[in-house]
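The structure appears below as structure tokens.
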Amino acid sequence: MKKILFVSSEAVPYIKTGGLADVAGSLPKYFDKEKYDVRVMIPKYACMDAAFLPKLHFVCHFYVNLNWRKQYVGILEAEYKGIHYYFVDNEFYFAGSSPYNNIYEDVEKFAYFSKAALRSLPYIDFAPDIIHCHDWQTGLLPVFLRTSFGDDSFYAGIKTVYSIHNLQFQGRWKIREVMDITGLPEHIFNAGQLESYGEANYLKGGVVYSDFVTTVSPSYAGEIATVEGGEGLDGLMAAKRGSLYGILNGIDYEEYNPQTDPHIHANFTKKDALVGKKRNKAALQKKLGLPVNEDALMIGMVSRMTSQKGFDLVDYALDELLSSMEIQFVILGTGEERYENTLRNFQERYPDKLRALIGYSEGQAHQIYASCDAFLMPSLFEPCGLSQMISMRYGTLPVVRETGGLKDTVQPYNEYEHTGTGFSFCNYNAHEMMNIVRYAYSIFTDHKSEWYAMIERAMAQNFSWNTSARKYEELYDKMTEL
Ligand code: ADP
Ligand code: GLC
């Protein structure tokens, strides 16, 4: 039995701000249980859903040294859908209304988390063969493992794999302060290790110190080794190419299942999707106070409102799109205030055509996936993207920009060959986006049978974790054989 520990800053069902939580909480379910014991460790945030608290059991406590600081670590555990979760408890670090605050607080918080996770292993009596780290928040874990724990035989055989879910966030901060926070030796803050553009870089530490590096789609694995997509680390990524794998994310087929989804108005399958989707669409229109109109192309978005997700294009294009077509937009998300405010403004100007649902809601997200005709995701870059896969699972056709995982998962409609599972455009340009939305509108309005056939093809796709989980298993096998 191979023992694997996922260490992540978020995981469903406990805490989620984006797709990382979906991945860290759902992928472990899909490993072969006879061969892999995969457990998950996350912080116990004060903002975690309180409903779970009674189910968390105290395991132990101890103290961890971070340079001159000696910090409390409590470990709790819980079982959820067959997966063993551990929680690192420290009320000072994990207070606040969201998992992430200011970068200067976060660099200390996640240095603490990474070291506490390592220190906890003998206490929880789990000696993993592999620690699977995710994103910059756990970048220092492989660094601590090889430096601070380098002389301890308990840790000697542990291998690490580091998954990049988003290269834009690297955890960069002043070298002097990171040295003070971590107690890591000065000599590792050089250009070949933790230093990058004059700062300490957590993600770079993770990449340099791990045995293997993965990212969440094959296209993104290529893009991050280029100047355009490398976020300043393209040289490092290119140098790592031999041990950098792009493994496509999957989605949780139990959680996102139109047949059983408790959040949606009417459940449906591929067979009765047309009827089911119409019922959901009418119900959502009614609920949101939009005109109940089957003929309006209803376009959904469920997204963090950041520049990554293409909101600059959306802001630019909405006026023209809303004023020229029988179209409705339902947009759910939170993020940068400038985008939230612009969307609120559009809602005031187009009360019959746009709803800006500013907030975070699982229920509303599922309703949008199930009810809309199309789902817009015009990302500037997209490491993988789960929303477009969820949409297809619910027969909602994605309209995406051809980048990263969007390119790997959405086949553009070809009207001559009658193929495709959605619509796509190439350049990050509002007019290209508007053109493709207009094209989608024309197919929806004038070629209904083509639209329906595409719903069927989209729903027939398989985005479950089964294929990708096998790829991670192969990687784990390779790592432990080395
Ligand atoms: P990212 O991780 O970059 O935010 P993904 O497409 O990988 O993008 O994953 C986003 C996940 O977060 C999806 O499960 C999506 O449904 C969910 N999500 C994003 N914003 C919201 C929101 N406001 N309310 C509910 N779910 C949301
Ligand atoms: C990141 C990326 C997103 C990806 C998710 C899960 O948040 O932005 O594209 O799907 O991580 O890997």
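Can you grab the distance from the C-alpha centre of region 18-37 to the C-alpha centre of region 418-482, Å, no decimals? Using only Cα atoms to place each centre, the spacing works out to 22 Å. Of the beta bridges in the chain, as assigned by DSSP with both residues counted there, near 30 percent are antiparallel. The mean sequence separation of alpha-carbon pairs under 8 Å and at least six residues apart, normalised by the residue count of region 392-462, gives a relative contact order of 39 percent.
Across the chain, the mean sequence separation of Cα contacts (distance under 8 Å, 6 or more residues apart), normalised by length, yields a relative contact order of 12 percent. For the pair region 204-221 and region 260-330, the centres of their Cα atoms are 35 angstrom apart.
Give Lys16/Lys309; Lys159/Lys471; Lys55/Lys277; Lys2/Lys70 a once-over and call out the pairs whose C-alpha atoms are over 29 Å from each other.
Cα-Cα > 29 Å for Lys55/Lys277; Lys2/Lys70; rest within.
Amide H contacts of Thr419 (H built 1.01 Å from N, in plane; Pro and chain starts excluded): Asn414 sit under 5 Å, all sequence-distant by 5 or more or on other chains. Shown in residue order for region 396-413 are the 3J(HN,Hα) couplings computed by the Karplus curve 6.51 cos²θ - 1.76 cosθ + 1.60 at θ = phi - 60°: 9, 7, x, 10, 10, 8, 7, 8, x, x, 5, 5, 7, 10, 10, 8, x, 4 Hz (x for Gly and Pro). Stretched out straight at 0.36 nm per residue, the stretch from Asp312 to Gln71 would grow longer than its current Cα-Cα span by 82.5 nm. Dipole magnitude for the chain: about 700 debye, using +1 per Lys or Arg Cβ and -1 per Asp or Glu Cβ, origin at the Cα centre. Within the straight-line cut-off of under 15 Å between alpha carbons, the aspartates and glutamates reachable from Lys44 are Glu10, Glu77, Glu79, Asp89, Glu91, Asp106, sequence neighbours fewer than 8 places apart in one chain being disregarded. Applying a DSSP loop filter and a limit of 16 other Cβ atoms within 10 Å to the chymotrypsin sites (Phe, Trp or Tyr not before Pro) in region 84-123 leaves Phe92, Tyr100.
Mind checking region 378-437 for chymotrypsin sites (Phe, Trp or Tyr not before Pro) that DSSP puts in a loop (not H, G, I, E or B) and that have at most 13 other Cβ atoms within 10 Å?
Those that pass, being in a loop and sparsely packed, are Tyr416.
Dipole size of region 339-482 about its Cα centre, with +1 on Lys/Arg Cβ and -1 on Asp/Glu Cβ: approximately 320 debye, rounded to the nearest 20.
Each peptide in 65-77, 247-259 was scored by the mean count of other Cβ atoms within 10 Å over its residues; highest first, the order is 247-259, 65-77. Only helical runs count toward this figure. For the chain, summing -39,500 (n - 2.57) over DSSP H runs of n ≥ 4 and dividing by all residues gives -11000 deg cm²/dmol at 222 nm. Could you tell me which of rounded, prolate or oblate describes the chain, using a ≥ b ≥ c as the square roots of the eigenvalues of the alpha-carbon gyration tensor, with rounded for a/c under 1.5 and, failing that, prolate when a/b is larger than b/c and oblate otherwise? Taking the square roots of the gyration eigenvalues as a ≥ b ≥ c, the chain is prolate. Based on protein heavy atoms only, the chain ends up with 39 Å² per residue of surface accessible to a 1.4 Å probe. What residues qualify as long-range amide H neighbours of Lys2, i.e. H under 5 Å apart, gap of 5 or more or another chain, H built at 1.01 Å from N? For Lys2, the qualifying residues are Tyr36, Asp37. Charged neighbours of Ile443, selected by a Cβ distance under 11 Å, balance to -2 (K, R count +1; D, E count -1). Among beta bridges identified by DSSP and lying wholly in region 57-134, the antiparallel ones come to about 100 percent. For the pair region 92-131 and region 144-182, the centres of their Cα atoms are 11 angstrom apart. Taking the DSSP bridge list for region 164-295 and keeping only pairs wholly inside it, about 55 percent are antiparallel. Normalised by the number of residues in region 312-389, the average gap of Cα pairs under 8 Å and 6 or more apart makes the relative contact order 29 percent.
The values are calculated or read from the model by the stated rules, or taken from the named source; none is laboratory data. For clarity, every value in this text was computed on a predicted model and none was experimentally measured. Virtual Cβ from ideal backbone geometry, glycine too; neighbours counted across all protein chains shown. Note: areas computed on protein heavy atoms with side chains; ligands, DNA, RNA excluded. Shrake-Rupley method; radii C 1.70, N 1.55, O 1.52, S 1.80 Å.
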